[in-house]
Structures are given as structure tokens and as C-alpha cells.
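Enquirer: Can you keep this structure in mind? I'll have questions shortly.
The values are calculated or read from the model by the stated rules, or taken from the named source; none is laboratory data. Remember, predicted model here, so these are calculated numbers, not experimental data. Please note: Cβ atoms are built from the backbone with ideal geometry, for glycine as well, and neighbour counts cover all protein chains shown. We work out accessible area using only protein heavy atoms, side chains counted, and drop any ligands, DNA or RNA first. Shrake-Rupley method; radii C 1.70, N 1.55, O 1.52, S 1.80 Å.
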Amino acid sequence: MTQRKIILIVVCALLACDCIIQGILANISPVKTIKTDLSPDTITIQSAAETTVLTAGANGWSINTDNYLATKSDVDAMLKALKEVKVLDKVGKIGNADYDARYNLTDEKAKTVTATKDGKQIAALRIGKASSTGSQTYATVNGAKDIVLVSGNLTSTFGKSAVELRAKTVYSIEENAVAAAQITMGAKTWGLQNTAKAGDKAVWALTGNVPAIELDQDAAQSWIRNVCFLNVNSWLDDSAALPPNKLTSFTLTTTSGETVFVDIYEKKAGDDTQYIGTCSRTPHKFDLTKYLTEKFTKDYEELKVKA
């Protein structure tokens, strides 16, 4: 046997050994995935500072009993984290004072997350501190005594307060679900009514107590697109008083028959102007930017065909 063949045989043998070792290591990998196939209808987040209860509803996830909706992306991140937990390593046992303190799993520092479906618990996490890299978290899973290192920064995912979780969206309606929209400012009322048959492209007609104009259908559709959603600048305290000067009243009617009401008030203080809104979709008052307010104070003549 030539020296070249011997070298080739040795190399092949080493490669085979490496494959065998890698296969063995893969089979004894400490990574374990804990899954739940059910989707919760309630998520409870408890800490020493507060308890936040998120409840699934027709329009999204509500926060506590305050009628605020939670930001969808935040809830989606929580649902993903609860559905699949990747355990990377075991580091100790819960109940050991040293371990509890080291990993922020004491009652004073830990967050307890419980997910339920129809009143039955389907997942539970006790969340401590994030790892030094920020991409893993020390926690316990489903009431187990083991303190484990899990994939993902659960401290961040479940770390927002009830106030921080509030969505900025007051309402959002599909553009093709708008049947009519109307603005009233002082004695002047104008609006747009869709006169097309169901399923056809919208054809808008001017309504109200204003002179007739030749309506630019593209401009009309663009305005409808802008008013089919409303996002707040910030939420105001419920005790905030409404200014006496109502700037505009707006209504939007959907093809299903729902009418959404929006009132916007103007509050001047020197050179500054604040716009405060109310809406039938929420019992809470909110602050609007001038830019957001302008789409509800639009003049109908801006929608006429340009000469």
C-alpha cells in the first residue's frame, strides 16, 4: 500500500470519527424546547410593583379593566415567548437564597407570568434577570424547581408597565369598509357618501349644507384613506377637563352600519395650541398633533377637480 493511500485512509477515518462525535454531541445537547399548542385568552404579569392582566377580545387585547387596548406587537411577542420556550442550561434550584438573589428571582425582583385558556393554566414563567449578552434570561418554567437559562430576553418582552403597553390606535377601519364620512365645523357640515354598489370601486358624492363642486374622486379616496384610522399622540388622564372650544366633529360610518364619532377640542395657551380628542371607541381622552388634527378639519373645496 502506497503512502498516499495510507494518508487518504487516515483522513477518511478521522472525518468519520468527527461525524460520529458530532452526532453524539447533538443527541446529548442540553437544549430542550417546551411548547404549548393552545393559545391563551388571558395573560397575567405580576411583579412587586403591579399586576397587569391582558384579556383577548374582539378588537384586540385589553389591559386590566381600563378599556385600553395593548399594542399588538408587544402582545404578539409575549404569545410567541409563551408558545415555545428553549431551555439552554440548568443553573440551580429555586428556593435557594443565593441562587434566587443571583438571578433576580426573589419576590421583590422577579416577574411571574401566567397564561390561561378558559380559566385553565397552559403556561407559566418566573422571570429573573437577562444574561450578560442580553439574548437569554434566567427563569423557571411551568412551576418547575430548576432555574434555567432560556433563549430570548424575556425580561424585556414582559417588562413593560400597563401604561407602556397601551396602544396608540383609537380605531382602524379597512378603507373599503367605509360607507360615509362627515365633518361639522361651526355651521358648516360636509361629507362624502359612497354611491357605488357593494363590491364595486367606490364612487364618492358630496353631502351636507355646502355648494356643489366637481369632486375629484382620487382626492376624495385619498381623504377617506387618511380618516379610516386614528392614532393618538398620547393618552390623557381621565380627570382632564375638555376645553370649551370644540374645533370639529367627525363621523365615520362603516358598511356594517357602525358609526364612529370623534370630537376634537382646541386649547390655546399663548403661542401654543393643544388638540384634545374624544371618540366613541374609547372612554379615554387623548392628545393629538396638529398634523393628525388637520385631516379632521379638511375643507371640502380641497377635493374639487383642479381647473
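Enquirer: Counting only residues that are in a strand (DSSP E or B), of a type outside the set (Asp, Glu), surrounded by fewer than 16 Cβ atoms within 10 Å (Cβ to Cβ) and free of Cβ contacts under 8 Å to residues at least 60 places away in the same chain, how many does the range 57-104 have?
Expert: Residues that pass the stated criteria total 3.
Enquirer: On to the next question. From the list GLU294, GLU266, which one is open to solvent by less than 40 Å² (accessible area, probe 1.4 Å), at negative phi and over 24 Å from the mean Cα position of the chain (by Cα)?
Expert: GLU266
Enquirer: Let me ask something else about it. If the Cβ limit is 6 Å and pairs must be 6+ apart or interchain, which residue in the range 285-304 that is in contact (Cβ under 8 Å) with a residue 24 or more places away in the chain pairs with which residue that is assigned to a helix (DSSP H, G or I)?
Expert: Every condition considered, the pairs that remain are LYS295/ASN226; LYS295/VAL227; LEU303/ALA219; LEU303/ALA220.
Enquirer: Quick test of your reading of the structure: TYR171 fulfils all but one of (1) over 30 Å from LYS268 (Cα atoms); (2) under 26 Å from the mean Cα position of the chain (by Cα). Name the failing condition by number.
Expert: Unmet for TYR171, out of (1) over 30 Å from LYS268 (Cα atoms); (2) under 26 Å from the mean Cα position of the chain (by Cα): (1).
Enquirer: Go through the range 220-239 and give me each residue that's open to solvent by less than 30 Å² (accessible area, probe 1.4 Å) and farther than 14 Å from THR282 by Cβ.
Expert: ALA220, TRP223, ILE224, VAL227, CYS228
Enquirer: Are any residues in the range 247-263 surrounded by fewer than 16 Cβ atoms within 10 Å (Cβ to Cβ) and either over 23 Å from ALA219 (Cα atoms) or modelled with pLDDT under 95 (or both), and if so, which ones?
Expert: Listed by number, the residues that qualify are SER256, GLY257, GLU258.
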